[in-house]
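Take a look at the structure set out below.
The values are calculated or read from the model by the stated rules, or taken from the named source; none is laboratory data. What you see is a predicted model; the values in this text were computed from it and never measured. Heads up, the Cβs are rebuilt from the backbone with ideal geometry, glycines too, and the neighbour counts pull from every protein chain shown. Note: accessible area is taken over every heavy atom of the protein model, side chains too, but ligands, DNA and RNA are not part of it. Shrake-Rupley method; radii C 1.70, N 1.55, O 1.52, S 1.80 Å.
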Amino acid sequence: MNDEKAPSRGSAALEPAALADSSAPLSQPGTRGQVDGGAAPASSLSLTERVLAWVREFIQFGMVGATAFVVDAGLFNLLQHGPLGFLAGHPNTAQFVAAATATLYAWIANRLWTYRGRTRDNATREAILFFFANACGIGISQFCLLFTHHILGFTSALADNIAVYVVGFALGTAFRFFFYHYVVFTGHTRA
């Protein structure tokens, strides 16, 4: 048994490159099969490699999202219901400020960690699309909050949090994950 080719139980076991033949050129994780700067078709990766790459990406995306959630929810509740209540009575403004702050954090964390292996020939394009995706996610949360307040008539702190951070955040997160994966961090530049 050759121990050099066996994946370890550490983080390398999740790397698609750890499953490849050691004599073949290794692709960077998250580059969709790019080897030596060239674009390899997605079909060149085995199903196991693609699944492991997706799982790794989803876990990292989830960890960034979880910490962004803490920033978002904590700041919203501090602004809306905190001891000083800077934006008490203005839930949409408090939610917008909190979400914008969490978005900036998520941009930095996703760019430096989750999608760091993907090429970024056009970082301006990625930034614009990232903030567009997050504006759509904020819009989803805003809609849920507006619907709860103005249609259903629920205005308690609990109703605000459920509308924004359970329903709105779940819908917005699903949208963001697929938008980031297929549009923002593609690993190549579109003309």
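All conditions in (1) open to solvent by 60 Å² or more (accessible area, probe 1.4 Å); (2) under 23 Å from Val51 (Cβ atoms); (3) of a type in the set (Val, Ile, Thr) hold for Ile151, with the sole exception of (2).
Only one of the numbered conditions (1) open to solvent by 50 Å² or more (accessible area, probe 1.4 Å); (2) within 17 Å of Asp72 (Cβ to Cβ); (3) of a type in the set (A, V, I, L, M, F, W, C); (4) over 11 Å from the mean Cα position of the chain (by Cα) is violated by Phe132, and that is (2). Being modelled with pLDDT of 90 or more and open to solvent by 40 Å² or more (accessible area, probe 1.4 Å) holds for only one residue in Thr119, Thr67, and it is Thr67.
Summed over segment 154-191, residues that are among the hydroxyl-bearing types (Ser, Thr, Tyr), part of a loop (DSSP other than H, G, I, E, B) and open to solvent by 40 Å² or more (accessible area, probe 1.4 Å) total 3.
Among the residues of segment 96-134, count how many are touching a residue at least 12 places away in the same chain (Cβ under 8 Å) and part of a helix (DSSP H, G or I). Residues that pass the stated criteria total 24.
Considering only segment 74-104, state which residues are over 14 Å from Ile138 (Cβ atoms) and either in contact with a Cys (Cβ under 6 Å, 6 or more places away or on another chain) or surrounded by 15 or more Cβ atoms within 10 Å (Cβ to Cβ) (or both). Asn77, Leu78, Leu79, Gln80, His81, Gly82, Leu87 - these are the residues of segment 74-104 that are over 14 Å from Ile138 (Cβ atoms) and either in contact with a Cys (Cβ under 6 Å, 6 or more places away or on another chain) or surrounded by 15 or more Cβ atoms within 10 Å (Cβ to Cβ) (or both).
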